[in-house]
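Peer 1: First the structure, then my questions, so here it is.
The values are calculated or read from the model by the stated rules, or taken from the named source; none is laboratory data. Everything numeric here is computed off the predicted structure, so don't read it as measured data. Note: ideal-geometry Cβ built from the backbone for every residue, glycine included; neighbour counts use all protein chains shown.
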Amino acid sequence: MRLPCEASVVSRLLPSAGLRAPGRAARALLSLGRPSGGPGGGGGGVWLLISTARDRPGTKYQLRENVEQLFTKFVEEGKATIRLKEPAVDVCLSKANANLLKAFLSAVKLANSGTHEESMPLSALAPAKASEVEKPKTRMTITSRKEYPLTRNFPYSLEHLQASYCKLARVDMRMLCLKSLRKLDLSHNCIKKLPATIGDLVCLQELNLHNNHLEAFNTALCSSTLRKSLQSLDLSQNKIRALPAQFCLLQELTHLRLDDNELIRLPFKIGRLRQLRFLSAARNKLPFLPDDFAKLSLENLDLFGNPFEPPRPLVPDIQLKIPLTLLEYSARATVNYRILYGRHILPSHLCDDLDMSKTCQCGRACLTCFIQATVTMKLSTVGVHTVAVECRT
């Protein structure tokens, strides 16, 4: 039986000798087994072997009638302490899998009492392999096709992965198994489409897709777990013409880069991105900004190089010439009077339409029947530092 964790062995005699306990815990592999002979291997019963990267052969401790106490108050957090009688040491464990730790401590109790010892599934103690005691790799940087791993998996402990200049035509599905991944950098590749399964990366905070061949942003990602985790998104230097209306569901975004695309519009509900502080959409094809843009509160804004149209204000007597549909009337009433709705009441496509309903400058809602006008807007009311020509909304 083996338990990977972080461990430190603290002698209880050190304070009486005026000495301090050792420092930080080290990555270790704890093993329960029977000694195979040799120095320190005499005596019967079950022994505890603690192996680290500096001491792979490890140190053995006999367990039969040698465990003074087990401290398990924080076992659900992967922490516990095994107090031995001889030598007088405390084996402090942390960062262990809670279920494995519980099973390991149960086996230690049995080894201490000597009961059911023969039935325990134990083998001869053996030194740990280097891969078992090395600190888990959390960062990996690949900057060429030659460095890209084709025959081996990515370490599951990765938190930061960069795979740039690798000529990737798609997102490698092996990357989507890295559940601890916080930053994924796939810049300078040839990716044309994003899989919806990127949304399964529950810890992902930064996604860099700079300089690829993307033509759209997958709508499914907007309603995935990225809604609660994604903070930085770089889609610059791609071929995106428009972002889906659901893009504004990514409400934790603080940094958004959209430079050098083919954008002809921004999401009309962009004002819902309450956390957004840095927005760059330079050198696109934006003729105007959505009215909701005025709700943003930015620190940096760059809209340079967009062909904004001159203002086209409303003519005073302009009116909708056709009667509104029943769907339009009912949708407006639902939003304006804040009537509760949900997928258990209405079809899902109607709920999506209501979620994405537009809001007129008068404060009333509309769905598909509206009149559009373009007016001048001062960007200083939106961003502290702005780079742009005069803009229209």
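Peer 1: Check Leu207 against each of (1) at negative phi; (2) crowded, with 19+ Cβ neighbours inside 10 Å; (3) touching a Ser or Thr at 6+ places or on another chain (Cβ under 8 Å); (4) assigned to a loop (DSSP other than H, G, I, E, B) and name the one condition it does not meet.
Peer 2: (4)
Peer 1: Counting only residues that are touching a strand residue (DSSP E or B) at 6+ places or on another chain (Cβ under 9 Å) and surrounded by fewer than 17 Cβ atoms within 10 Å (Cβ to Cβ), which one in region 68-82 is nearest to Glu6 (Cα to Cα)?
Peer 2: Start the filter on region 68-82 by keeping residues that are touching a strand residue (DSSP E or B) at 6+ places or on another chain (Cβ under 9 Å), which leaves 68-74, 77-82.
Okay, now just the ones that are also surrounded by fewer than 17 Cβ atoms within 10 Å (Cβ to Cβ), so 68-74, 77.
Details: Glu68: 21, Gln69: 19, Leu70: 17, Phe71: 16, Thr72: 16, Lys73: 17, Phe74: 15, Glu77: 13 Å.
If we take residues in region 68-82 being touching a strand residue (DSSP E or B) at 6+ places or on another chain (Cβ under 9 Å) and surrounded by fewer than 17 Cβ atoms within 10 Å (Cβ to Cβ), then Glu77 is nearest to Glu6 (Cα to Cα).
Peer 1: From the list Ala17, Ala25, pick out the single residue that is hydrophobic (A, V, I, L, M, F, W, C) and modelled with pLDDT under 75.
Peer 2: Numbers: Ala25 fails: modelled with pLDDT under 75.
Result of the check over Ala17, Ala25: Ala17.
Peer 1: Among the candidates Leu276, Leu298, Leu286, Leu303, single out the residue that is within 14 Å of Ser236 (Cα to Cα) and hydrophobic (A, V, I, L, M, F, W, C). Before you say what the answer is, go through the steps one by one.
Peer 2: Working: Leu276 fails: within 14 Å of Ser236 (Cα to Cα); Leu298 fails: within 14 Å of Ser236 (Cα to Cα); Leu286 fails: within 14 Å of Ser236 (Cα to Cα).
Testing whether each residue is within 14 Å of Ser236 (Cα to Cα) and hydrophobic (A, V, I, L, M, F, W, C) leaves just Leu303.
Peer 1: For the subset of region 356-393 comprising residues that are touching a strand residue (DSSP E or B) at 6+ places or on another chain (Cβ under 6 Å) and of a type in the set (D, E, K, R), which member is modelled with the highest pLDDT?
Peer 2: Within region 356-393, the match that is modelled with the highest pLDDT is Lys358.
Peer 1: A follow-up question, please. State whether one or more residues within region 240-257 are under 19 Å from Ser223 (Cβ atoms), charged (D, E, K, R), touching a residue at least 12 places away in the same chain (Cβ under 8 Å) and not in a loop (DSSP other than H, G, I, E, B).
Peer 2: Step one: filter region 240-257 for residues under 19 Å from Ser223 (Cβ atoms), giving 240, 242-253, 256.
Filter once more, keeping what is charged (D, E, K, R): 252.
Keeping just the survivors that are touching a residue at least 12 places away in the same chain (Cβ under 8 Å) gives 252.
Checking which are not in a loop (DSSP other than H, G, I, E, B) leaves us with none.
Checked against the condition, which is being under 19 Å from Ser223 (Cβ atoms), charged (D, E, K, R), touching a residue at least 12 places away in the same chain (Cβ under 8 Å) and not in a loop (DSSP other than H, G, I, E, B), region 240-257 yields no hits at all.
Matching residues to (1) at pLDDT below 95; (2) farther than 24 Å from Arg27 by Cβ; (3) among the aliphatic types (A, V, I, L, M):
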{"position": "His116", "(1), (2), (3)": "yes, yes, no"}
{"position": "Leu122", "(1), (2), (3)": "yes, no, yes"}
{"position": "Arg152", "(1), (2), (3)": "yes, no, no"}
{"position": "Ser157", "(1), (2), (3)": "yes, no, no"}
{"position": "Leu161", "(1), (2), (3)": "no, no, yes"}
{"position": "His188", "(1), (2), (3)": "no, yes, no"}
{"position": "Glu206", "(1), (2), (3)": "no, yes, no"}
{"position": "Arg227", "(1), (2), (3)": "yes, yes, no"}
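Peer 1: Does Glu252 satisfy being surrounded by fewer than 19 Cβ atoms within 10 Å (Cβ to Cβ), more than 22 Å from the chain's Cα centre (by Cα) and among the acidic types (Asp, Glu)?
Peer 2: Details: surrounded by fewer than 19 Cβ atoms within 10 Å (Cβ to Cβ): yes; more than 22 Å from the chain's Cα centre (by Cα): no; among the acidic types (Asp, Glu): yes.
Considered against the rule, which asks whether it is surrounded by fewer than 19 Cβ atoms within 10 Å (Cβ to Cβ), more than 22 Å from the chain's Cα centre (by Cα) and among the acidic types (Asp, Glu), Glu252 comes out as no.
Peer 1: Same structure again: Which of the residues spanning region 273-308 are crowded, with 19+ Cβ neighbours inside 10 Å and assigned to a helix (DSSP H, G or I)?
Peer 2: Answer for region 273-308, where residues must be crowded, with 19+ Cβ neighbours inside 10 Å and assigned to a helix (DSSP H, G or I): Asp291, Asp292, Phe293.
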